[in-house]
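Down below is the structure, laid out as structure tokens.
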Amino acid sequence: MEVMKLENLSFSYGEHSILKGISCTFDAGKIYAIVGKSGAGKTTLLSLMSGLAEPTEGTIFCNGKEMKLEDKYEYRSRSIGVIFQDFNLLTKLTAVENVELSMEISAENSHKKIDRQANRDSAYGLLAEMGLRRDEADRRILKLSGGQQQRVAIARALSYGPDIILADEPTGNLDEETQREIMGIFRDLAKNGKCVIIVTHSSYVAECADEKIELKTVNHS
């Protein structure tokens, strides 16, 4: 089932074109790897799909709806979960508190009542699914390893049940063993119906994907 579609998508900074004429579709239950040389616009494309930037030309559809007509805050609190390259976790909070905060923000943006106890229970459950013990879930972020922090970031992205997961170089700072474990988590998410879209330089991650989308650097000559 198609969950996202890009139609003739372009993006420019002034006269400098970053992306030009990108068209592709993304289905539930699959992992997609977006690859290409540095400067090809991979992270820019992810920003467009997450609603953090607007395309210069073209249209993005999410679950059949035109994104530009959607409330961007609600869109990012309901339809997609974003995993950043540097995790973007709040270091003064514990792992479980980071996930809880994401749930609260989602509820506020969707105008829903916040149930803190239910959120706490759900956050612990998500972190357990990601492989964190209860004592690890109660640790502050800086007391966790890079691999554990990535698991927290994934749990946070899943905390409000989005259909689509966008990940920017999620294994870039991890050792090979941890990289394999994180990709195992993504494979399980896809098996459970999520659409996982990963920007990556890793040949291993690209090989693990169901489909590979290669971006070419725009020729400015």
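Being under 20 Å from THR43 (Cα atoms) and of a type in the set (Gly, Ala, Ser) narrows it down to one residue among SER122, SER159, SER203, SER145; which is it? Walk me through how you get there before you give the answer.
On the way: SER122 fails: under 20 Å from THR43 (Cα atoms); SER159 fails: under 20 Å from THR43 (Cα atoms); SER145 fails: under 20 Å from THR43 (Cα atoms).
The conditions single out SER203.
Check off (1) within 22 Å of GLY193 (Cα to Cα); (2) in a loop (DSSP other than H, G, I, E, B); (3) among the hydrophobic types (A, V, I, L, M, F, W, C) for ALA53 and give me the number that stays unchecked.
(1)
Just wondering, is there one or more residues in the range 190-201 that are part of a helix (DSSP H, G or I), surrounded by fewer than 15 Cβ atoms within 10 Å (Cβ to Cβ) and free of Cβ contacts under 8 Å to residues at least 12 places away in the same chain?
no
Only residues that are of a type in the set (A, V, I, L, M) and touching a helix residue (DSSP H, G or I) at 6+ places or on another chain (Cβ under 6 Å): list them for the range 91-123, please.
ALA95, VAL96, VAL99, MET103, ILE114, ALA123
Restricted to the range 21-43, and to residues that are of a type in the set (Ser, Thr, Tyr) and modelled with pLDDT under 95, which residue is surrounded by the most Cβ atoms within 10 Å (Cβ to Cβ)?
THR43
Give me a count of the residues in the range 139-169 that are over 21 Å from ILE105 (Cβ atoms) and not in a helix (DSSP H, G or I). Reasoning before the result, please.
In the first step, residues of the range 139-169 are kept if they are over 21 Å from ILE105 (Cβ atoms); the result is 139, 142-148, 169.
Still in the running and not in a helix (DSSP H, G or I): 139, 144-145, 169.
Of the residues in the range 139-169, 4 are over 21 Å from ILE105 (Cβ atoms) and not in a helix (DSSP H, G or I).
Restricting the range 110-129 to residues that are in a helix (DSSP H, G or I) and of a type in the set (Gly, Ala, Ser), which is farthest from the chain's Cα centre (by Cα)?
Only one residue tops the list, namely ALA118.
Within the range 73-109, which residues are within 12 Å of the chain's Cα centre (by Cα) and aromatic (Phe, Trp, Tyr)?
Scanning the range 73-109 gives PHE84, PHE87.
Here's a check for you: in the range 143-167, which residue that is within 12 Å of LEU132 (Cα to Cα) and not aliphatic (A, V, I, L, M) is farthest from the chain's Cα centre (by Cα)?
SER145
Regarding GLY58, is this residue surrounded by fewer than 18 Cβ atoms within 10 Å (Cβ to Cβ) and assigned to a helix (DSSP H, G or I)?
So GLY58 fails the test.
Could you tell me how many of the residues in the range 102-149 are among the basic types (Lys, Arg) and touching a residue at least 24 places away in the same chain (Cβ under 8 Å)?
Within the range 102-149, the subset among the basic types (Lys, Arg) is 112-113, 116, 120, 133-134, 139-140, 143.
Adding the requirement that they be touching a residue at least 24 places away in the same chain (Cβ under 8 Å) leaves 120, 139-140.
Number satisfying all stated conditions: 3.
Which ones in the range 32-47 are closer than 16 Å to TYR75 by Cβ and in contact (Cβ under 8 Å) with a residue 40 or more places away in the chain?
LEU46
The values are calculated or read from the model by the stated rules, or taken from the named source; none is laboratory data. Source: prediction; values computed, not measured. Positions of Cβ are backbone-derived with ideal geometry, glycine not excepted, and every protein chain shown enters the neighbour counts.
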